[in-house]
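The values are calculated or read from the model by the stated rules, or taken from the named source; none is laboratory data. Please read all numbers here as calculations on a predicted model, not as lab measurements. Positions of Cβ are backbone-derived with ideal geometry, glycine not excepted, and every protein chain shown enters the neighbour counts. Each accessible area value is taken on the protein alone, full model and side chains, heavy atoms only, with ligands, DNA and RNA left out. Shrake-Rupley method; radii C 1.70, N 1.55, O 1.52, S 1.80 Å.
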Amino acid sequence: MIKSSYNPIFKRQFWHLAFLLSLLMVLSLLFSNLPELSEGQLWGISTKTWSLLAIAVPIVHQVYVLLCWRFELYFQSLSKWFGPKGFQLYKIGFAVLILLRPISLVLLAISNAHTLDLPRWLSLAASLILFIPAAYLFYSVKTYFGIDRAFGIDHFYPEQYKNTPIVSQGIFKYTSNGMYVFGFFLLWIPGFLWESKTALWLAFFNHLYIWVHYYTTEKPDMVKIYG
């Protein structure tokens, strides 16, 4: 009975775990074979420690979202526990964790600065090129998509949102999943600004891992909500 009841919570999460372990194995091999990834320190804390933080934050964030979304979507757990404040409390946790992603990468990039041999003009140009579509993405979310919907309010009020049309304005004219395609460009910028190899590798990890979340959590949830 317990297994049957909680099966929806863990739908596709075997693949989530498998892909995550594979990504962590790749990172472990990189750190073992590229000593410059461990160079540096900030405030007496080693780059390796900052790297562990920058790896832990996205994992905690995505597991937090998985559990909140699935328990609410299938059992209305947060609404039962916290009433009308359920979504707002979830949103606070989400906001803290999503902000910690770029913050942890900035701290890591400072710790591991100047390990990437790039002309300064090129690192600045790359940062600007990445920033422009990311900024347009956040403008499009605010203007056309809605911040609460980006947080996942449809998991809390599926009946209200199930007939909501697909957004095709702003950056969403070019891709239906602009947040994962363009929003995560921001996480690459610290690595280029401080010319840090480690920050770039962990931005790459973040960007790959968010697609694991999409295919193992968000996409099946969208089928449940929108049919």
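In the stretch 47-90, what residues are open to solvent by less than 40 Å² (accessible area, probe 1.4 Å) and among the basic types (Lys, Arg)?
The one that is open to solvent by less than 40 Å² (accessible area, probe 1.4 Å) and among the basic types (Lys, Arg): Arg70.
Regarding Leu107, is this residue open to solvent by less than 50 Å² (accessible area, probe 1.4 Å), touching a residue at least 40 places away in the same chain (Cβ under 8 Å), not polar (S, T, N, Q) and not in a loop (DSSP other than H, G, I, E, B)?
It is true that Leu107 is open to solvent by less than 50 Å² (accessible area, probe 1.4 Å), touching a residue at least 40 places away in the same chain (Cβ under 8 Å), not polar (S, T, N, Q) and not in a loop (DSSP other than H, G, I, E, B).
May I ask you to list the residues in the stretch 64-83 that are among the aliphatic types (A, V, I, L, M) and over 18 Å from Asn7 (Cβ atoms)?
Result: Val65, Leu78.
Output the residues belonging to the stretch 161-174 that are open to solvent by 70 Å² or more (accessible area, probe 1.4 Å) and either at pLDDT below 85 or among the aliphatic types (A, V, I, L, M) (or both).
Answer for the stretch 161-174, where residues must be open to solvent by 70 Å² or more (accessible area, probe 1.4 Å) and either at pLDDT below 85 or among the aliphatic types (A, V, I, L, M) (or both): Lys162, Asn163, Pro165, Ile166, Ser168.
For Gly83, all conditions in the list (1) free of Cβ contacts under 8 Å to residues at least 40 places away in the same chain; (2) assigned to a helix (DSSP H, G or I); (3) on the phi < 0 side of the Ramachandran plot hold save one; what is the number of the exception?
(3)
Take the residues in the stretch 141-185 that are among the hydroxyl-bearing types (Ser, Thr, Tyr) and within 18 Å of the chain's Cα centre (by Cα), then tell me which one is nearest to Arg101 (Cα to Cα).
If we take residues in the stretch 141-185 being among the hydroxyl-bearing types (Ser, Thr, Tyr) and within 18 Å of the chain's Cα centre (by Cα), then Tyr180 is nearest to Arg101 (Cα to Cα).
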